[in-house]
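**Student:** Shown below is the structure under consideration.
The values are calculated or read from the model by the stated rules, or taken from the named source; none is laboratory data. Predicted, not measured: the structure shown is a model, and the values here were computed from it. Cβ placement follows ideal geometry from the backbone for every residue including glycine, while neighbour counts extend to all protein chains displayed.
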């Protein structure tokens with residue numbers, strides 16, 4: 001009912017509230033129907049795993065969203081409650097979906113623990129630099145606080161979404177007197193995220209030539225540092241080795257106490273239907289043993305599904321006088337997404353050595 005009111009329908013005119021959906025469709029004008037379809041497409045796009053994770057990274061909405069059952073219900077509720085919050089979730093998804101994509105992504109190394117200065121004066125400095133360099137006539141910068149997916153209780157990261165006017169394009173459209181060509185300037189979207197824990201700046205943009213420029217401007221005006229020459233590598237993963245019971249050998253001198261596969265998501269090649277299996281890190285059974293005991297002869301790992309997402313947890317021995325064993329969770333999504341973004345010593349050990357040794361990291365993308 002709230003959605004129908006949003007597109008301009010008076011639901012008080014409906015005789016049977018139980019048949020409200022049919023009444024809405026019949027009462028819609030062509031323009032209202034098109035708007036309803038567009039709204040539903042936006043909502044459904046946020047019901048997959050990436051979209052749900054993006055919504056839960058909104059600090060002001062996370063607790064309320066967690067109280068709602070069902071992905072579609074959560075996405076629809078947020079859409080109706082706040083168009084700004086929903087758009088911010090879409091922008092977070094835009095970054096997460098294209099992380100480590102050769103076509104869209106670049107990552108740069110900067111110092112850890114920096115404060116992000118997003119005062120209006122700093123954003124205006126970025127805007128002035130972009131206008132001068134690229135001649136963009138219209139420009140909008142939107143800062144977003146986003147929770148860290150692996151530590152939602154920690155300090156939020158800052159994401160800047162930069163909208164700028166792109167080069168003009170001509171498009172054909174139907175008019176009353178036939179086809180006509182109409183010129184318009186599309187909006188170019190660029191997203192920048194700084195992770196203070198790992199000391200990385202990630203830039204998502206279709207324009208490869210602009211990624212370093214935007215990272216340098218962000219580092220200069222929002223972090224107060226110059227961009228170093230060190231860039232994060234592109235990664236390629238193969239999760240097929242995890243379909244079978246898999247050893248995770250380590251060297252004693254690296255101080256690793258235990259490694260365990262704790263989550264595996266299986267899907268057909270089109271990724272339309274998924275099966276996800278999980279086991280607790282402290283459970284004595286392995287994930288493969290748990291699945292085998294539950295399914296027996298119908299073990300889904302023996303079928304024609306493919307692993308496309310996995311979580312490997314690595315626990316380190318206590319160090320520096322601490323009694324606590326620190327644990328790092330590595331979330332991998334085929335072909336090239338990894339939750340480890342930084343260059344800390346332990347993350348580098350896992351990324352550069354052990355993921356290769358365990359057979360899940362292939363050569364870096366060319």
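**Student:** Take region 31-50 and flag every residue that is touching a helix residue (DSSP H, G or I) at 6+ places or on another chain (Cβ under 8 Å), at pLDDT 90 or above and either more than 30 Å from residue 265 (Cβ to Cβ) or assigned to a helix (DSSP H, G or I) (or both).
**Tutor:** Hits for region 31-50 are 42, 43, 44, 45.
**Student:** Mind listing just one residue for me: the one in region 116-145 that is touching a residue at least 12 places away in the same chain (Cβ under 8 Å) and assigned to a loop (DSSP other than H, G, I, E, B) and, of those, farthest from the chain's Cα centre (by Cα)?
**Tutor:** At the first step, the residues of region 116-145 found to be touching a residue at least 12 places away in the same chain (Cβ under 8 Å) are 116-118, 122-123, 125-127, 129-130, 133-134, 136-145.
If we keep only those that are assigned to a loop (DSSP other than H, G, I, E, B) too, we end up with 116-118, 136-138.
Numbers: 116: 21, 117: 23, 118: 22, 136: 27, 137: 29, 138: 27 Å.
Once the filter is applied, the top-ranked residue is 137.
**Student:** Also, quick follow-up: Can you tell me which residue in region 63-98 is surrounded by the fewest Cβ atoms within 10 Å (Cβ to Cβ), limited to those that are more than 28 Å from residue 338 (Cβ to Cβ) and touching a residue at least 40 places away in the same chain (Cβ under 8 Å)?
**Tutor:** If we take residues in region 63-98 being more than 28 Å from residue 338 (Cβ to Cβ) and touching a residue at least 40 places away in the same chain (Cβ under 8 Å), then 80 is surrounded by the fewest Cβ atoms within 10 Å (Cβ to Cβ).
**Student:** Examine region 210-225 for a residue that is part of a strand (DSSP E or B) and at pLDDT below 90, and state whether such a residue exists. Walk me through how you get there before you give the answer.
**Tutor:** In the first step, residues of region 210-225 are kept if they are part of a strand (DSSP E or B); the result is none.
Within region 210-225, not a single residue is part of a strand (DSSP E or B) and at pLDDT below 90.
**Student:** Which members of region 318-333 meet the condition of being assigned to a loop (DSSP other than H, G, I, E, B), out of contact with any helix residue (DSSP H, G or I) (no Cβ under 9 Å at 6 or more places or on another chain) and on the phi < 0 side of the Ramachandran plot? Working first, answer last.
**Tutor:** First, pick out the residues of region 318-333 that are assigned to a loop (DSSP other than H, G, I, E, B): 318-326.
Filter once more, so that each one left must be out of contact with any helix residue (DSSP H, G or I) (no Cβ under 9 Å at 6 or more places or on another chain): 318-325.
Within region 318-333, 318, 319, 322, 323, 324, 325 meet the criteria.
**Student:** While we're here: Out of the residues in region 294-313 that are surrounded by 16 or more Cβ atoms within 10 Å (Cβ to Cβ) and touching a residue at least 60 places away in the same chain (Cβ under 8 Å), state the one that is farthest from residue 276 (Cα to Cα).
**Tutor:** It comes out as 312.
**Student:** Being farther than 18 Å from residue 216 by Cβ and in the same structural domain as residue 47 (by TED's automatic domain parsing): is that true of residue 93 here?
**Tutor:** yes
**Student:** Sticking with this structure for a sec: Test residue 110 against the criterion of being modelled with pLDDT under 90 and surrounded by 18 or more Cβ atoms within 10 Å (Cβ to Cβ), and give yes or no.
**Tutor:** Here the answer is no, as residue 110 does not meet what is asked.
**Student:** Given the options 274, 328, 291, name the one that is outside the structural domain of residue 53 (by TED's automatic domain parsing), surrounded by 14 or more Cβ atoms within 10 Å (Cβ to Cβ) and more than 24 Å from the chain's Cα centre (by Cα).
**Tutor:** The conditions single out 291.
**Student:** Residue by residue through region 229-253, note down the ones that are surrounded by 14 or more Cβ atoms within 10 Å (Cβ to Cβ) and not in a strand (DSSP E or B). First the steps, then the outcome.
**Tutor:** Initially, region 229-253 is screened for residues surrounded by 14 or more Cβ atoms within 10 Å (Cβ to Cβ), giving 231-232, 234-239, 242-243, 246, 248, 250.
Once the filter is applied, which keeps residues that are surrounded by 14 or more Cβ atoms within 10 Å (Cβ to Cβ) and not in a strand (DSSP E or B), region 229-253 yields 232, 234, 235, 236, 238, 239, 242, 243, 246, 248, 250.
**Student:** Additional query: Looking at residue 201, is it closer than 30 Å to residue 53 by Cα, at pLDDT 90 or above and surrounded by fewer than 20 Cβ atoms within 10 Å (Cβ to Cβ)?
**Tutor:** It is false that residue 201 is closer than 30 Å to residue 53 by Cα, at pLDDT 90 or above and surrounded by fewer than 20 Cβ atoms within 10 Å (Cβ to Cβ).
**Student:** Hey, another quick one. Check 217, 227, 266 and return the single one that is in contact with a helix residue (DSSP H, G or I) (Cβ under 7 Å, 6 or more places away or on another chain), touching a residue at least 40 places away in the same chain (Cβ under 8 Å) and farther than 30 Å from residue 115 by Cβ.
**Tutor:** Unique residue meeting the criteria: 266.
**Student:** Kindly indicate which of 67, 53, 75 is at pLDDT 90 or above and within 17 Å of the chain's Cα centre (by Cα).
**Tutor:** On the way: 67 fails: within 17 Å of the chain's Cα centre (by Cα); 53 fails: at pLDDT 90 or above.
Every option except 75 fails the conditions.
**Student:** Name every residue in region 91-115 that is under 13 Å from residue 193 (Cα atoms) and not in a loop (DSSP other than H, G, I, E, B), in order of residue number.
**Tutor:** Within region 91-115, 91, 92, 93, 94, 95, 96, 98, 105, 106, 107, 108, 109 qualify.
**Student:** Among the numbered criteria (1) in contact with a strand residue (DSSP E or B) (Cβ under 7 Å, 6 or more places away or on another chain); (2) surrounded by 10 or more Cβ atoms within 10 Å (Cβ to Cβ); (3) farther than 30 Å from residue 55 by Cα, which single criterion is violated by residue 128?
**Tutor:** Of the numbered conditions (1) in contact with a strand residue (DSSP E or B) (Cβ under 7 Å, 6 or more places away or on another chain); (2) surrounded by 10 or more Cβ atoms within 10 Å (Cβ to Cβ); (3) farther than 30 Å from residue 55 by Cα, the odd one out for residue 128 is (1).
**Student:** Quick check, is residue 189 touching a helix residue (DSSP H, G or I) at 6+ places or on another chain (Cβ under 9 Å) and either within 22 Å of residue 340 (Cα to Cα) or assigned by TED's automatic domain parsing to the domain that holds residue 260 (or both)?
**Tutor:** Details: touching a helix residue (DSSP H, G or I) at 6+ places or on another chain (Cβ under 9 Å): yes; either within 22 Å of residue 340 (Cα to Cα) or assigned by TED's automatic domain parsing to the domain that holds residue 260 (or both): no.
It is false that residue 189 is touching a helix residue (DSSP H, G or I) at 6+ places or on another chain (Cβ under 9 Å) and either within 22 Å of residue 340 (Cα to Cα) or assigned by TED's automatic domain parsing to the domain that holds residue 260 (or both).
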